[in-house]
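Structure first, commentary second.
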Amino acid sequence: MKKPSPSEIILEGGSNTRKNRRKMMGSEESMRVGIDDVAIHFPRLYMDMKDFADLRGQDYGKLNKGLGLKAMSIPDVHEDTATMGANAVMQIIDRNGLDPNDIGRMYLGTESALDGAKPTATYIVDMLTQRYSERYGDDCFRNCDVVDMTFACIGAVDAMHTTLDWVARSTKGDERMGIVIFSDNAKYALESAGEYTQGAGGGAILIRRNPRLLEIPDCIGVSTTPVHDFFKPRREVSVKSIISNVMTLAQEAGQSIKKGIVDRMIRHLPASTVRKLGIFAHGEEKVSVHRDEPVFDGQFSNRCYQAAVRQAFHNFSKKAQISGRYDFENDERFTEQWSRIIMHLPYAYQAKRMFPDVFRHDREDTEMWKEVAEQLGPAPEPHNSDDPVIIEIWEKAMDGYRRAISKTPQYLAFHESRIEKGQRASSLIGNQYTGSIFLALMSTFESDFEENANLDNALFGLCGYGSGAKAKVFEGKVSPRWREVVSRWHLFERLAGRIAIDHITYENLHKGLQSGSVVEPEGEFALIEIADSGVQEGARKYKWIGS
């Protein structure tokens, strides 16, 4: 008799209640909505993590073996949030033979918006209209509802859930179909603590009834806590500081600057001259400036991530029990029922490091956990103190306890079978912000497809997170048709065809000093102009560049 593989044991094993729950999920017609297909577009350029480590004098072993980093995707001069999103939507339309007139909505999740008022999604519609108008008419996207949704890295999950609700209300005369877009440039300041986690890319998710990939029931665990773990504030810059910096640069270039000249310039600067500076159009002394690079506290953000996902998981469990989907007395724990667990990955090994919290809380009163507890000893005792010193000591103790859990044979086997495949693509691309969870989903599906695993009717657990902070936990049931969808992605094959750049090119692109595209655009949408004056100042223009 053939010995079953670990994947077959995981997918075919389990109690009758798990099989009944899968059957119940599939029989509820109102719930039969979900992801029909996913596409991703990533830049053709990347920086190898070995080269990055050499550039910054960092330990490549720590970045690679410790965090799982191999490469980071870097946008070219002609690429931005809108082009990456539009290129991904184009893949979805062409691959599935869609008529744009039938797409009822395109909701974009992003934290890399290109404007403070005009949705980036409208730029995407502009590009798509250029490409498809000849075949489908100038108004082929006129009746498509578009909007941007922002909540740090969870914005695209929010966009997906609201689109699932909308599609679920379809009728026979109104068979709704929507596309959720995710697109971001995860850019950090040069030489900052987050620089090595950078990445970029855009994607599109086709949402339909009776999906061929993943059915998503209407049961969502949520945890929201207002914190400042990662954010992109509007910063104020004064006229005086700008002029002072210009004078400093002039001095460094060998120019002679008289003492006190900056104060005199500010004091006597005519209003008309200030208006000519553009950004100080009304003679104000300060102006708000937005930067792509965030303000963040990495360790604090990790703790927020852990707490939010754990609390959202508890909320999901409670809702599942109330809805009758789950019986705590008889069913296996969710983390045992879920054949794969898909998580937001700001870096490849984030889930490996963060999930021990949920692993512990889902098993603490089981026989299995007794074996783990014997290896670890007791967990740090909870405290009720407001003393920051005591809180810091306790948090460090909990971090150590979680690391200890992550090294146990039980957790390592759990991670290997359920989480590891999702991190493979992240290692090669880097942070996708809103798209990270969906990149992990694609990475898992394609890895299982290449390994000929049987995912038919398997249950997936999905855990999204956005700083600020919010987490969502939900689940999906894999369609028996998943192979016909995944077989057309070629994710890892496309990743292998990218072009590596050197550190000079990388820094020029990061600083905006690269004069032209490193690789000329071909077979893609491209940014060709940003207006710099008049009533169109800042307006972006795009064009389809044929192959």
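Karplus-derived 3J(HN,Hα) values for region 476-488, using 6.51 cos²θ - 1.76 cosθ + 1.60 with θ = phi - 60°, are x, 10, 6, 6, x, 9, 4, 5, 5, 7, 5, 4, 9 Hz; glycine and proline are entered as x.
Can you show me the helix-derived [θ] at 222 nm for the chain, built from DSSP H runs with n ≥ 4 at -39,500 (n - 2.57) apiece and divided by the number of residues, rounded to the nearest 500.
Helix-only estimate at 222 nm: -12000 deg cm²/dmol.
The orientation-averaged projected area of the convex hull spanned by the Cα atoms of region 123-211 comes to 7.9 nm².
Around Thr122, with a cut-off of 10 angstrom between Cβ atoms, what is the net charge of the other residues, counting Lys and Arg +1 and Asp and Glu -1? Around Thr122, the surrounding residues sum to -2. All other residues with a Cβ under 10 Å from the Cβ of Ser547 taken together, and with Lys, Arg as +1 and Asp, Glu as -1, what is their net charge? Taking every other residue near Ser547 into account, the sum is -2. Compared with the dominant Cα axis of the chain, that is its longest principal axis, helix 388-406 is turned about 50°. Heavy atoms of the protein chains alone define the surface here; on that basis region 399-459 has 29 Å² accessible area per residue at 1.4 Å probe size. Pairs from the table (Lys187/Lys319; Lys118/Lys172; Lys232/Lys541) lying more than 29 angstrom apart at Cα are Lys187/Lys319; Lys118/Lys172.
What is the packing order of peptides 431-438, 57-64, 101-108, 410-417, taking the mean over residues of other C-beta atoms within 10 Å and listing the highest first?
431-438, 101-108, 410-417, 57-64
The modelled label-to-label distance for the pair Lys407/Ser238, using points 7 Å beyond Cα in the direction of Cβ, is 5.2 nm. Candidates Met247, Val147, Met160 compared by Cα position along the dipole of region 109-259: farthest toward the positive end lies Met247, with charges placed on Cβ. Once C-alpha pairs closer than 8 Å and six or more residues apart are averaged by separation and normalised to the residue number of the chain, the relative contact order reads 24 percent.
Among DSSP bridges having both ends in the chain, what percentage is antiparallel? Round to the nearest 5. In the chain, DSSP labels about 75 percent of beta bridges as antiparallel. All distinct Cα pairs of region 44-117 go into the 1/r average, and the inverse of that average, the Kirkwood radius, is 15.6 Å.
Over region 38-98, accessible surface divided per residue gives 31 Å², non-protein components excluded, 1.4 Å probe.
Over the chain, what percent of the accessible surface lies on carbon and sulfur atoms, probe 1.4 Å? Of the solvent-accessible surface of the chain, carbon and sulfur hold 49 percent. In this Cβ point-charge picture (+1 for Lys and Arg, -1 for Asp and Glu), the chain has a dipole of about 200 debye about its Cα centre. Take 463-470, 134-141 and order them by the average number of nearby Cβ atoms within 10 Å per residue, most first; the result is 463-470, 134-141.
In the chain, taking the dipole from charged Cβ atoms about the Cα centre, the farthest positive-side position among Gly497, Leu63, Val77 is held by Val77. Rg and Dmax, both from the Cα atoms of region 502-544 and both in Å, are 12.9, 39.
Against the main long axis of the alpha-carbon atoms of the chain, helix 239-252 sits at an angle near 80°.
Size descriptors for region 312-396: radius of gyration and Dmax over Cα atoms are 15.8, 44 Å. Magnitude of the charge dipole for region 342-400, about its Cα centre and with charges confined to Cβ atoms of Lys, Arg (+1) and Asp, Glu (-1), is about 360 debye. Charge dipole (Cα centre; +1 on Lys/Arg Cβ, -1 on Asp/Glu Cβ; no other charges) of region 36-99 amounts to roughly 460 debye. Computed from phi, the 3J(HN,Hα) profile of region 438-448 under the Karplus parametrisation 6.51, -1.76, 1.60 (θ = phi - 60°) reads 7, 5, 5, 5, 5, 4, 5, 4, 5, 5, 5 Hz, with x in place of Gly and Pro.
Scanning residues 5 or more positions from Glu293 or on other chains, none has an amide H under 5 Å from its amide H, with H placed 1.01 Å from N in the peptide plane. In the calculated pair-distance distribution of region 98-253, the portion above 20 angstrom amounts to 63 percent of the Cα-Cα pairs. Mean separation of Cα pairs under 8 Å and 6 or more residues apart, divided by the residue count, gives region 304-402 a relative contact order of 26 percent.
The values are calculated or read from the model by the stated rules, or taken from the named source; none is laboratory data. Quick caveat: nothing in here was measured; it's all calculated off a predicted structure. We place every Cβ from the backbone using ideal geometry, glycine too, and count neighbours over all the protein chains shown. Ligands, DNA and RNA are stripped out before the accessible areas are found, and what is left, the full protein with its side chains, is counted by its heavy atoms. Shrake-Rupley method; radii C 1.70, N 1.55, O 1.52, S 1.80 Å.
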